[in-house]
Amino acid sequence: MPEPRAASEPLLATRALSRNFGGLAAVREVSIELHKGELHAVIGPNGAGKSTLVNLLSGHLMPTAGTIELDGRDVTGEPAWRMAQLGIGRSFQRTNLLAALSALENVRLSAQAVAGLPLTRLLRDAKRQTELVDAAFRALQRVGLATSAHRQSGLLSHGEQRQLEIAMTLAGNPRVLLLDEPLAGMGPEEGERFTHLLKDLAREHAILLIE
């Protein structure tokens, strides 16, 4: 349950959001409001449409009907790259890392992608490259992985890899976090540590958690 909050405009809201696949209604007339300082969970069995909802909110799928608003602005139908630039960050159900690269390099590439900077420009702009590296390191600090910045991401534990994915999401400076089953596969100790991280992040973001 979300914690009590003062009345305010939602960061992200949907109105009667729907998505059909042929004759199947995967998401039907969902209306939600996400506010800064709140953590909401969507819980249900496999096939209930939870990941489809996240794909709609993040721009990875077009809705069949309904609207999506960010800060009161209609962003229905915006592509995923644009939603990321507008402040929607998401993690995926399956680990989505470049295992051969360090944790820091994974986060830097994520920040670069959200900024929309091509590699050729980045190579010419040393200052911008330094800014992205600094942003990446701050994101790693935020999730408790600063000491693992230069470790190969494929050698991190499962829980640390999930933390790294959150850092990659934070590197784009999002206001809304959409997290698809971030606790999947974790043991009790890792799960407890990750839960504390999510509660801490909820102070600064609006969070929708799929579980």
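Tabulated results
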item	result
Cβ-placed point charges (K, R +1; D, E -1), dipole of the stretch 122-211 about Cα centre in debye, nearest 20	460 debye
Helical contribution to [θ] at 222 nm, DSSP H n ≥ 4, -39,500 (n - 2.57), averaged over the chain, rounded to 500	-11500 deg cm²/dmol
Dipole moment magnitude, nearest 20 debye, the chain about Cα centre, only Lys, Arg, Asp, Glu C-beta charged	520 debye
Net lengthening on full extension, THR195/ALA113 (0.36 nm per residue, minus Cα-Cα)	26.8 nm
Rounded to 5, the percent of DSSP beta bridges in the chain classed as antiparallel	50 percent
Residue-count net charge about VAL42 - beta-carbon cut-off 9 Å; Lys, Arg +1, Asp, Glu -1	0
Residue (of GLY159, LEU178, LEU132) at the positive-pole extreme of the stretch 131-191, dipole from beta-carbon charges	LEU132
Euclidean distance between Cα centres, the stretch 52-95 to the stretch 145-211, Å	20 Å
Mean accessible surface per residue for the chain, computed with a 1.4 Å probe while every protein chain stays in place, in Å²	52 Å²
Computed over the stretch 6-111, Kirkwood Rh from alpha-carbon pairs, angstrom	15.2 Å
³J(HN,Hα), Karplus 6.51/-1.76/1.60, whole Hz, each residue of the stretch 43-49, x for Gly, Pro	10, x, x, 4, x, 7, x
Rg/Rh ratio calculated on Cα atoms of the stretch 160-211 (Kirkwood radius)	0.93
Dmax and Rg, reported as Rg then Dmax, of the stretch 131-190 (C-alpha, Å)	11.7, 36
Packing-based order for 48-61, 149-162, using average beta carbon neighbours within 10 Å, highest first	48-61, 149-162
Percent carbon-and-sulfur accessible area, the stretch 158-211, ignoring ligands, DNA and RNA, probe 1.4 Å	49 percent
Mean separation of Cα contacts under 8 Å, 6 or more apart, over the residue count of the chain: relative contact order %	27 percent
Translational D in µm²/s for the chain (Stokes-Einstein at 10 °C, 1.306 mPa s, Kirkwood Rh from C-alpha pairs)	89 µm²/s
Virtual paramagnetic centre 7 Å along Cα→Cβ of TRP81, amide N under 14 Å, in the stretch 141-169	none
Solvent-accessible area, 1.4 Å probe, carbon plus sulfur percent, for the stretch 45-115	52 percent
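The values are calculated or read from the model by the stated rules, or taken from the named source; none is laboratory data. For clarity, every value in this text was computed on a predicted model and none was experimentally measured. Cβ: placed from backbone, ideal geometry, glycine included. Neighbour counts: every protein chain shown. Surface accessibility is based on the protein's heavy atoms, side chains included, excluding ligands, DNA and RNA. Shrake-Rupley method; radii C 1.70, N 1.55, O 1.52, S 1.80 Å.
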